Amino acid sequence: GQQLNQSPQSMFIQEGEDVSMNCTSSSIFNTWLWYKQDPGEGPVLLIALYKAGELTSNGRLTAQFGITRKDSFLNISASIPSDVGIYFCAGVAGAQKLVFGQGTRLTINP
Amino acid sequence: DGGITQSPKYLFRKEGQNVTLSCEQNLNHDAMYWYRQDPGQGLRLIYYSQIVNDFQKGDIAEGYSVSREKKESFPLTVTSAQKNPTAFYLCASSIDGRRHYGYTFGSGTRLTVV
């Protein structure tokens, strides 16, 4: 089946640093989505991308839909303590069902 | 406020017992999904339903059962046949249209077998 390889699996950074994570696949996706999950809660949608090459921002977050349609990245600028959590990428192919990456766990040292 | 509600938040079950997790949405979404999340792991799809009275197995359906008698509700039963049921269970819903706006997730149910 389709799989997404998300990296890194975990990150330990200092407050104020920028963060970058990405997802790659051997399959083509029509839509890329980025979610954040706080501890003990369900994931919340951060950014949705619908066109190859699209670059979208949401506050300090910026995500891009790769030109090959097989990858996407998420950047967080000037990290703050509330950015802590698990970030998931997700892709949609033709079947309307999301395929999720394994997640990137972000830890921030104040 | 529209949303998706999972209950209970925490659930304890004795080995050999079936237990049902509730999921209700008032978003008028067509599709609903159940995921399992183990510590440090991603999301694995158990079952999904794209329309009332129809549902499909996901990647790890063994030991689970679902029903979709109403558009708003998609309960998940964890049966005694599930060998390792302790996990965090997430329910989600989506509008089943041409453009994918992503899933809306509930806040999860943590199931512990004691």
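The single condition among (1) outside any loop (DSSP other than H, G, I, E, B); (2) within 14 Å of another protein chain (Cβ to nearest Cβ); (3) open to solvent by 80 Å² or more (accessible area, probe 1.4 Å) that B:THR112 does not meet is (3). Of the residues B:GLN56, B:GLN37, the single one that is among the polar types (S, T, N, Q) and more than 15 Å from B:ASP96 (Cβ to Cβ) is B:GLN37.
Within region B:33-50, is there a residue that is within 17 Å of A:GLY101 (Cα to Cα), within 14 Å of chain A (Cβ to nearest Cβ), assigned to a loop (DSSP other than H, G, I, E, B) and of a type in the set (Asp, Glu)?
Yes.
For A:SER26, the conditions (1) modelled with pLDDT under 95; (2) more than 8 Å from chain B (Cβ to nearest Cβ); (3) within 11 Å of the chain's Cα centre (by Cα) are fulfilled apart from (3).
Within the group A:GLU54, A:GLU41, which residue is free of Cβ contacts under 8 Å to residues at least 60 places away in the same chain and either under 30 Å from B:PHE55 (Cβ atoms) or among the polar types (S, T, N, Q) (or both)?
Of the residues listed, the single one that is free of Cβ contacts under 8 Å to residues at least 60 places away in the same chain and either under 30 Å from B:PHE55 (Cβ atoms) or among the polar types (S, T, N, Q) (or both) is A:GLU41.
Among the residues making up region A:37-65, those that are of a type in the set (D, E, K, R) and more than 11 Å from chain B (Cβ to nearest Cβ) are A:LYS51, A:GLU54, A:ARG60. Apart from one condition, B:GLN82 fits all of (1) within 14 Å of another protein chain (Cβ to nearest Cβ); (2) buried (at least 17 other Cβ atoms within 10 Å of the Cβ); the exception is (1).
Taken together, B:ILE60, B:ILE46, B:ILE95 contain a single residue that is open to solvent by 60 Å² or more (accessible area, probe 1.4 Å) and touching a residue at least 24 places away in the same chain (Cβ under 8 Å), which is B:ILE95. Annotation note: of A:GLY42, A:GLY53, the sole residue that is in contact with a Leu (Cβ under 7 Å, 6 or more places away or on another chain) and outside any strand (DSSP E or B) is A:GLY42.
The values are calculated or read from the model by the stated rules, or taken from the named source; none is laboratory data. Given the structure is predicted, the values throughout are model-derived calculations rather than measurements. When we count neighbours, we look across all protein chains shown, and the Cβ atoms used for this are built from the backbone with ideal geometry, even at glycine. Surface areas here come from the heavy atoms of the whole protein model, side chains and all, with no ligands, DNA or RNA. Shrake-Rupley method; radii C 1.70, N 1.55, O 1.52, S 1.80 Å.
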